[in-house]
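One structure below.
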Amino acid sequence: YFIVRVVSVVVLTILRWWKLLDTMGEMVAFRTCRSVVVSVLLLCAWTSGVMALSVAAASSVPTVTYFDARGRAELTRCIFRLGSKEFVDHRFPIAFKTDDEGKPVGGFEVTEYEAEKSKGTFLVNMDRLPVLELNGCMIGQSAAMERAAARYCGMMGETDTEQAVIDCIVENVRDVKDSWRSITLKYGFPPSPEKTDAKKEWFTKPAVTKEPGPGGFRQLMTRLNASLPSSSPESIQFAMGESITLADVVIWDLLKETFTEPDDIAMMEEAMAADETSVERLIAISDHILNTPAMKEWLKVRPESMF
């Protein structure tokens with residue numbers, strides 16, 4: 001619309017000048033002047049069109065806005081990378097608050113973010129981050145961002161039914177993460193013997209058990225593996241269909257990015273090895289994402305951050 005408007009104004013101006021000068025066309029000087037004016041105006045029209053196209057192209061590039069951290073924006077960044085889509089990775093500086101002696105006092109310094117928030121920029125996400133600007137629209141909530149990015153990259157299946165199955169897998173993965181977070185949130189950030197014992201129990205509880213209560217990691221993973229749509233041996237590395245979808249990305253994220261402490265990673269890998277035949281699809285999917293050239297490159301170049 002912007003491009004059409006600019007070009008229309010310039011063309012109408014050319015026509016007005018042409019009509020005015022045509023009435024004076026008896027004179028050679030005015031004919032010469034008319035040619036010069038028309039040439040200049042045509043050049044302006046071309047320049048305006050090029051500038052308008054440049055502005056439109058620039059505004060169409062998605063922008064992921066978050067702190068200088070991975071956190072809740074990282075999966076959206078990975079989706080754009082895997083989809084080979086250009087995006088702007090806008091990061092606000094973040095640092096621990098300190099006293100006059102440089103000792104941490106709790107909380108974070110996010111001055112630039114606070115200044116931008118005061119303008120109402122992030123109202124779509126209730127003044128929180130991350131947000132995604134896509135096709136001129138601001139989107140909040142990390143899960144909504146991930147789905148929007150996946151659709152933009154063609155990673156949400158080919159039919160409505162496939163999209164629904166992908167959504168189902170994504171929510172099943174979320175259930176596994178919620179189970180893990182119930183432990184980390186209950187015992188807080190600092191390490192403690194109680195927290196260590198709770199995590200160990202969650203990772204080591206057998207996949208098949210008669211004990212009452214919720215199952216642990218092994219049971220959740222075997223059930224997640226069984227929930228995946230059937231596939232041919234040639235496409236075992238895909239959760240849905242024969243190409244990468246959001247379902248594959250969240251499975252990779254669960255196994256490769258969720259557990260960050262060395263002890264937790266070791267217990268996770270030991271649990272997966274114990275039930276290898278029951279979780280082989282999950283392993284194949286995660287390894288496939290990890291070994292794509294796009295993901296290898298992103299993991300190599302992405303900035304180091306505090307979380």
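The values are calculated or read from the model by the stated rules, or taken from the named source; none is laboratory data. Since the model is a prediction, treat every value here as computed from it, not as a measurement. So basically every Cβ, Gly included, is an ideal-geometry build from the backbone, and we count neighbours across all protein chains shown. Side chains are part of the model used for accessible areas, which takes the heavy atoms of the whole protein and leaves out ligands, DNA and RNA. Shrake-Rupley method; radii C 1.70, N 1.55, O 1.52, S 1.80 Å.
Leu220 satisfies every condition listed in (1) open to solvent by 20 Å² or more (accessible area, probe 1.4 Å); (2) in a loop (DSSP other than H, G, I, E, B) except (2). Going by the structure shown, is Phe259 in contact with a Ser or Thr (Cβ under 8 Å, 6 or more places away or on another chain), among the hydrophobic types (A, V, I, L, M, F, W, C), surrounded by 19 or more Cβ atoms within 10 Å (Cβ to Cβ) and assigned to a loop (DSSP other than H, G, I, E, B)? For Phe259, the condition - in contact with a Ser or Thr (Cβ under 8 Å, 6 or more places away or on another chain), among the hydrophobic types (A, V, I, L, M, F, W, C), surrounded by 19 or more Cβ atoms within 10 Å (Cβ to Cβ) and assigned to a loop (DSSP other than H, G, I, E, B) - is not met.
Looking at Gly83, is it out of contact with any Cys (no Cβ under 6 Å at 6 or more places or on another chain) and open to solvent by less than 40 Å² (accessible area, probe 1.4 Å)? Judged against the criteria, Gly83 is not a match. When Met306 is tested against (1) of a type in the set (A, V, I, L, M, F, W, C); (2) more than 25 Å from the chain's Cα centre (by Cα); (3) farther than 23 Å from Ile236 by Cβ, only condition (2) is not met. Out of all the residues in region 246-258, is one or more among the small types (Gly, Ala, Ser) and under 21 Å from Asp178 (Cβ atoms)? Looking through region 246-258, at least one residue is among the small types (Gly, Ala, Ser) and under 21 Å from Asp178 (Cβ atoms).
Looking across Ile94, Ile79, one residue alone is of a type in the set (A, V, I, L, M) and within 13 Å of Tyr152 (Cβ to Cβ). It is Ile79. Taking the numbered list (1) modelled with pLDDT under 95; (2) among the acidic types (Asp, Glu); (3) outside any loop (DSSP other than H, G, I, E, B) in turn, Asp248 passes all entries but (1).
Yes or no, residue by residue, for (1) in contact with a helix residue (DSSP H, G or I) (Cβ under 7 Å, 6 or more places away or on another chain); (2) part of a helix (DSSP H, G or I); (3) of a type in the set (Gly, Ala, Ser):
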site: Asp253; (1), (2), (3): yes, yes, no
site: Asp263; (1), (2), (3): no, yes, no
site: Glu270; (1), (2), (3): no, yes, no
site: Ala273; (1), (2), (3): no, yes, yes
site: Thr277; (1), (2), (3): no, yes, no
site: Met295; (1), (2), (3): yes, yes, no
site: Trp298; (1), (2), (3): yes, yes, no
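Is it true that some residue in region 274-282 is among the β-branched types (Val, Ile, Thr), touching a residue at least 12 places away in the same chain (Cβ under 8 Å) and more than 23 Å from Thr204 (Cα to Cα)? Among the residues of region 274-282, not one is among the β-branched types (Val, Ile, Thr), touching a residue at least 12 places away in the same chain (Cβ under 8 Å) and more than 23 Å from Thr204 (Cα to Cα), which makes the answer no.
Mind checking whether some residue in region 227-241 is modelled with pLDDT of 95 or more, more than 19 Å from Asn291 (Cα to Cα) and assigned to a helix (DSSP H, G or I)? Checked against the condition, which is being modelled with pLDDT of 95 or more, more than 19 Å from Asn291 (Cα to Cα) and assigned to a helix (DSSP H, G or I), region 227-241 yields at least one hit.
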